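Everything below concerns the one structure shown next.
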Amino acid sequence: MQKAYKLQGKHRHYDWGGTQFIPALMGVENSNNAPYAEYWMGTHPAAVSEITTEQGVVLLDKMLADNGVMLLGEKTLANFGTLPYLYKVLDVANMLSIQAHPNKQNAILGFEKEEAAGIDLNATARNYKDKNHKPEVMVALSDFWLLHGFLAPELLEARLKEFLYLNPLQAHFRGVDYEGLYRFFMQLSTEDADFILKPLMMDAVSSVKSGSVDKSHPHWWANKYYNGQVPDKNIDKGIFSIYILNIVQVAKYEGVFQGAGLLHAYLEGQNIELMANSDNVLRGGLTTKHVDVNELIQQVKFIPTYPNVLKGEALNEYETAYACPVPDFGLTKITLLKGKSYTINTSGLEMVLLTQGDIQLADLLLKAGEVAMLPVGQSVVLTASSDSALFKSFVP
């Protein structure tokens, strides 16, 4: 068993992705300007990572099936059966869908219900792809913007009063009723929703053109979603969520944790994302994909969110931890100046993603954009050949 292995993840070319950040980070030629939205590292069936071993290249899921205890450790294997997390790099050029994720119990119930109904796992109308929850933590690699949970009661009340077209909705919120407000709007007919959203969009487009709003204002993002245009009809109801959710700005190397039932959406920027190994997403708009309003409402926590931007807690002078209150994964950042060394002692299978610099890691030389996989029970020395930054995923 080697101390460390090179890991090759898989690129995901979704249309919301940028064309430059991930190719530049990883030294990939992109002469066709294809969207590089995500880079996946893990065993998710849609994009299994490859591991370079002394015997050749092996798929990570096969390697874990054959050597689970030696790679994962007895604790992880007993608790999860395999690698419990999925690690990603994202480049969000265009807004992602409004979405929430189920807790584990509801994921099991939802999956089994759809299986019993005979809904194909790859059907567009399928909500539950597996039996797992999908909590996630993100750490920004640039200035990053996201929608993150419902506004506090007084802020949401003020928002409904601020815009003439939203005033009638105060009767459904009544200062406290998040579910009543959200359910009412999302179940409106397309025509009735357009009656509210079309003048709101016209106001948004006008405000952005005049320069009277910036990225902290919902008009900015409503305008961006439709590229400065106002549709004649069938306006996406997800526009409403932009006005009732927190708009959060996260600086480079700051983070945000998002648990089950939290309504959210990434708006713009680049980040590291670490999550439970699941693909269960319930969408609430800003998408052409399947939206099941009734199922989404069953999963959303209709409570206010007070954003907690994670600055990270210093474990020592080199390593900073980001709070992840789940057993599936943990995330730290390690920074090393040129010539400095640091030792990682692994308690489970860990992945090291270098985002800046060059480091010697055991027998591997890593450059920016490269990833190493470290088995359980290893003591691995990192030495920086230049000022370096890396992110380490692990099982707590």
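The values are calculated or read from the model by the stated rules, or taken from the named source; none is laboratory data. In this text, all values refer to a predicted model and were calculated from it rather than measured experimentally. Here the Cβ positions follow ideal geometry from the backbone for every residue, glycine too, while neighbour counts run over all protein chains shown.
For residues that are out of contact with any His (no Cβ under 8 Å at 6 or more places or on another chain) and surrounded by 15 or more Cβ atoms within 10 Å (Cβ to Cβ), tally how many sit in region 299-322.
Adding up the residues that qualify gives 11.
Output the residue which, of all residues in region 343-354 that are in contact (Cβ under 8 Å) with a residue 40 or more places away in the chain and buried (at least 19 other Cβ atoms within 10 Å of the Cβ), is nearest to Val89 (Cα to Cα). Walk me through how you get there before you give the answer.
If we filter region 343-354 for residues that are in contact (Cβ under 8 Å) with a residue 40 or more places away in the chain, which is where we start, we get 344, 346-353.
Narrowing further to those that are buried (at least 19 other Cβ atoms within 10 Å of the Cβ): 344, 346, 348-353.
On the way: Ile344: 22, Thr346: 22, Gly348: 21, Leu349: 19, Glu350: 16, Met351: 13, Val352: 12, Leu353: 9 Å.
So the residue we want is Leu353.
Tell me which residues, restricted to region 186-221, are more than 26 Å from the chain's Cα centre (by Cα), closer than 22 Å to Val300 by Cα and surrounded by 17 or more Cβ atoms within 10 Å (Cβ to Cβ).
Matches in region 186-221: Ala193 only.
Take Val326 and decide whether it is of a type in the set (A, V, I, L, M, F, W, C), under 24 Å from Lys131 (Cα atoms), at pLDDT 95 or above and crowded, with 18+ Cβ neighbours inside 10 Å.
Spelling it out, Val326 is indeed of a type in the set (A, V, I, L, M, F, W, C), under 24 Å from Lys131 (Cα atoms), at pLDDT 95 or above and crowded, with 18+ Cβ neighbours inside 10 Å.
Counting only residues that are of a type in the set (A, V, I, L, M, F, W, C) and in a strand (DSSP E or B), how many does region 30-44 have?
Taking region 30-44 and keeping what is of a type in the set (A, V, I, L, M, F, W, C), we get 34, 37, 40-41.
Add one more test, that the residue is in a strand (DSSP E or B), and what stays is 40-41.
Qualifying residue count, region 30-44: 2.
Which of the following residues is modelled with pLDDT of 95 or more and within 25 Å of Ser142 (Cα to Cα): His219, His172?
From the options His219, His172, the qualifying one is His219.
Could you check region 31-47 and list, in sequence order, the residues that are exposed (fewer than 15 other Cβ atoms within 10 Å of the Cβ) and either within 16 Å of the chain's Cα centre (by Cα) or over 18 Å from Asn94 (Cα atoms) (or both)?
Listed by number, the residues that qualify are Ser31, Asn32, Pro45, Ala46.
For the subset of region 92-117 comprising residues that are small (Gly, Ala, Ser) and part of a loop (DSSP other than H, G, I, E, B), which member is surrounded by the most Cβ atoms within 10 Å (Cβ to Cβ)?
Ser97
Any idea which of (1) among the aliphatic types (A, V, I, L, M); (2) in contact with a Lys or Arg (Cβ under 9 Å, 6 or more places away or on another chain); (3) not assigned by TED's automatic domain parsing to the domain that holds Ala93 is the one Leu164 doesn't satisfy?
Every condition holds for Leu164 apart from (2).
For region 45-56, check the following and say yes or no: at least one residue is without any contact (Cβ under 8 Å) to a residue 24 or more places away in the chain and assigned to a strand (DSSP E or B).
So far as region 45-56 goes, yes, one or more of its residues are without any contact (Cβ under 8 Å) to a residue 24 or more places away in the chain and assigned to a strand (DSSP E or B).
Looking at region 363-373, is at least one residue more than 29 Å from the chain's Cα centre (by Cα), surrounded by fewer than 21 Cβ atoms within 10 Å (Cβ to Cβ) and basic (Lys, Arg)?
Within region 363-373, none of the residues are more than 29 Å from the chain's Cα centre (by Cα), surrounded by fewer than 21 Cβ atoms within 10 Å (Cβ to Cβ) and basic (Lys, Arg).
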